[in-house]
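J.: Please read through the structure below; I'll follow up with questions.
What follows draws every value from the coordinates through simple rules; no lab data is involved. Nothing here was measured: the structure is a model prediction, and the numbers come from that model. Cβ placement follows ideal geometry from the backbone for every residue including glycine, while neighbour counts extend to all protein chains displayed.
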Amino acid sequence: MYVSYALGVGLAVAVYVILLLLGLGSNLLMSFFIIAATIVVMAPYVYQLSKVIWAGFFIKYDPQKSKNTTL
């Protein structure tokens, strides 16, 4: 949950910066709805990426174990 929150905040900030660069950031209500829509559309990808990052904290890759496994 913590990782997905951090990714969501990063995504919202990135979208807002892009809106500012395009000249669309002056209208705060429109910016809010664009950011909200982006977060909703990207939510499955953000959650998937956060699970991979979170698993990377606790599951370590061992090359010796991968060589010993047979199919």
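J.: Against the condition on the phi < 0 side of the Ramachandran plot, surrounded by fewer than 12 Cβ atoms within 10 Å (Cβ to Cβ), outside any helix (DSSP H, G or I) and of a type in the set (F, W, Y), how does Y61 come out, does it pass? Let's see the steps before the verdict.
T.: On the way: on the phi < 0 side of the Ramachandran plot: yes; surrounded by fewer than 12 Cβ atoms within 10 Å (Cβ to Cβ): yes; outside any helix (DSSP H, G or I): yes; of a type in the set (F, W, Y): yes.
So Y61 passes the test.
J.: May I pose another question? Picking from G25, G56, which residue would you name as being small (G, A, S) and touching a helix residue (DSSP H, G or I) at 6+ places or on another chain (Cβ under 9 Å)? Don't jump to the end; show me each part of the working.
T.: Numbers: G56 fails: touching a helix residue (DSSP H, G or I) at 6+ places or on another chain (Cβ under 9 Å).
From the options G25, G56, the qualifying one is G25.
J.: Could you count how many residues in region 1-30 are surrounded by 17 or more Cβ atoms within 10 Å (Cβ to Cβ) and among the hydroxyl-bearing types (S, T, Y)?
T.: 2
J.: Please specify each residue of region 31-54 satisfying the condition of being of a type in the set (A, V, I, L, M, F, W, C) and surrounded by 15 or more Cβ atoms within 10 Å (Cβ to Cβ).
T.: Of all residues in region 31-54, those of a type in the set (A, V, I, L, M, F, W, C) come to 32-37, 39-43, 46, 49, 52-54.
Result: I34, I35, I39, M42, V46.
J.: Starting from region 10-25, keep only residues that are more than 22 Å from Y45 (Cβ to Cβ), then list their pairs with residues that are part of a helix (DSSP H, G or I) and not aromatic (F, W, Y) whose Cβ atoms are within a distance under 8 Å, requiring at least 6 positions of separation or different chains.
T.: Note: pairs meeting the criteria are L24/M30; L24/S31; L24/I34; G25/L19; G25/S31.
J.: Sticking with this one: Check G25, G56, G8 and return the single one that is assigned to a loop (DSSP other than H, G, I, E, B) and out of contact with any strand residue (DSSP E or B) (no Cβ under 7 Å at 6 or more places or on another chain).
T.: Numbers: G56 fails: assigned to a loop (DSSP other than H, G, I, E, B); G8 fails: assigned to a loop (DSSP other than H, G, I, E, B).
Matching residue, one of G25, G56, G8: G25.
J.: Continuing with this model, one more query. Does V46 meet the test of being among the β-branched types (V, I, T), in contact with a Ser or Thr (Cβ under 9 Å, 6 or more places away or on another chain) and in a helix (DSSP H, G or I)?
T.: yes
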